[in-house]
Amino acid sequence: MSSYQRICLVHYHEIGLKGRNRSSFETRLVRNLEGLLRSYPIAEIKRISGRILVLLSSEADYALVCQVEEAIRMVPGVARVSCGYRCDRVLDDMCAAASDALQDVGEFEAFKVAARRSHTDFPTSSMEMNQIVGAYLCDSYPHAKVKMKDPDVVVGVEVIQGASYVYARSLRGIGGLPVGSSGRLVCLLSSGIDSPVATWKMARRGAVCIGVHFSGRPAAEGTSEFLVDDIAHVLERTGCIARVYVVPFGEYQRQIAASVPPSLRVIMYRRLMFKVAQEVACKEHARGLVTGESLGQVASQTIDNIAATDEAVDMPVLRPLIGTDKLEIIEQAEKLGTFVISSQDATDCCTLFMPRNPETHAKMDAVLHAEESLPVERWIAEILEDVEVRDYFCPAYKKPQL
């Protein structure tokens, strides 16, 4: 084998549109990749001419490259990841690297070469590189034909100052923005299907997500807490969650159920949850709340009831799933890897002390009148004293200064 080294090239799209701020987004993505790939034999991760280079150690074989590739493509901010080789800016080496790179793509019938040089100090033009490398590959793979439109595989050859990068195997990433580039949000995280997807969607938009889980303890078992921990570990793989505050909430639901009209119980539960979550957000220097609500999916998710719960807090409440139906949410949860966990039975606060006929069009005057009899401020202080905090690995997260 020639003297070239295995690489993964990380391509991004939306980051490239950020103008003067582009550098900070690129740096954030590099740092996230450094943290999330820490268990793999990586020699170096750095920015190169509109790409991020992940240079693997010399002992990395193809199987390990595939593992790294899969880990990279699920990181928010990555539009595509391409696996291949770094070699000298020598045409013979580039041709040999292209031939080896094609071995990684499996069966194919047609290909094309897409060469690009970032510096004119390399004398061979992009068009000439296409012809030279293409002719070499036609000799190496006589069964294959060159097809300029919709080929089975595109062989990329990128000549940058100091080195060449050649690849053929390329997988689509999840896109979005690097976690840590859009501030912090507090996410109401249950063990159900919806809220983990909502959390992931906001992380994909660059937010550092802090979860708040309202457990049914002590009125119910803490099964949901274990499921939420499993869900958080799935999100943790791509740096999409930083920590989870676990709130024993069952006793407060019991007191609300005994004090307010049955039809307003759910509204009262959620208003208290929002108030607690807002206090956590202030502690974490977060700028908004996130829920997994979808319009009209259940009684608490009508326009009137959403307005009644939003009134309880002074910060934005984001609902990334608001226009999404259940089948779409399930499909995304399956791709994310949380669906099987969320499908397990667990009694949590969402199923405790539920009325037979919950209000679907709450009137604000009735809600505020019912809430007047509740010691809300005292409850919030008690709840914050009893919360349990679980930390997860998120390269973009720093604990708030006390």
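Here are some notes:
- Selected residue (criterion: surrounded by the fewest Cβ atoms within 10 Å (Cβ to Cβ)) from residues of the stretch 247-275 that are under 28 Å from the mean Cα position of the chain (by Cα) and more than 18 Å from A220 (Cβ to Cβ): K275
The rows are residues; the columns are (1) under 33 Å from the mean Cα position of the chain (by Cα); (2) over 19 Å from S164 (Cβ atoms); (3) not assigned by TED's automatic domain parsing to the domain that holds G156.
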{"residue": "D61", "(1), (2), (3)": "yes, yes, no"}
{"residue": "I72", "(1), (2), (3)": "yes, yes, no"}
{"residue": "G77", "(1), (2), (3)": "yes, yes, no"}
{"residue": "C95", "(1), (2), (3)": "no, no, no"}
{"residue": "D100", "(1), (2), (3)": "yes, no, no"}
{"residue": "Q103", "(1), (2), (3)": "yes, no, no"}
{"residue": "G106", "(1), (2), (3)": "yes, yes, no"}
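- Of all residue pairs spaced 6 or more apart or on separate chains, none has beta-carbon atoms under 6 Å together with a first member in the stretch 293-306 that is in the same structural domain as M364 (by TED's automatic domain parsing) and basic (K, R) and a second member that is buried (at least 19 other Cβ atoms within 10 Å of the Cβ) and assigned to a helix (DSSP H, G or I).
- Residues in the stretch 277-297 that are among the charged types (D, E, K, R) and not in a helix (DSSP H, G or I): E284, R287, E293.
- Residues of the stretch 188-206 that are out of contact with any helix residue (DSSP H, G or I) (no Cβ under 9 Å at 6 or more places or on another chain) and either acidic (D, E) or closer than 19 Å to S24 by Cβ (or both): R204, R205.
- Contacts under 6 angstrom Cβ, first residue in the stretch 52-68 being modelled with pLDDT under 90, partner surrounded by 20 or more Cβ atoms within 10 Å (Cβ to Cβ), 6 or more apart: A60/R6
- When S191 is tested against the conditions (1) surrounded by fewer than 19 Cβ atoms within 10 Å (Cβ to Cβ); (2) assigned to a loop (DSSP other than H, G, I, E, B), the lone failure is (1).
- Residue ID - surrounded by the most Cβ atoms within 10 Å (Cβ to Cβ), chosen from residues in the stretch 286-300 that are of a type outside the set (A, V, I, L, M) and closer than 13 Å to L318 by Cα: T291
- For the stretch 341-395, the set of residues classified as out of contact with any Ser or Thr (no Cβ under 7 Å at 6 or more places or on another chain), at pLDDT below 85, surrounded by 17 or more Cβ atoms within 10 Å (Cβ to Cβ) and not aliphatic (A, V, I, L, M) consists of F353 only.
- Given (1) small (G, A, S); (2) out of contact with any strand residue (DSSP E or B) (no Cβ under 6 Å at 6 or more places or on another chain); (3) closer than 25 Å to R217 by Cβ; (4) not in a helix (DSSP H, G or I), number of the condition S300 does not satisfy: (4)
The values are calculated or read from the model by the stated rules, or taken from the named source; none is laboratory data. Here the structure is a predicted model, which means the values were calculated and not measured. Positions of Cβ are generated from backbone atoms using ideal geometry, with glycine treated the same way; all protein chains shown enter the neighbour counts.
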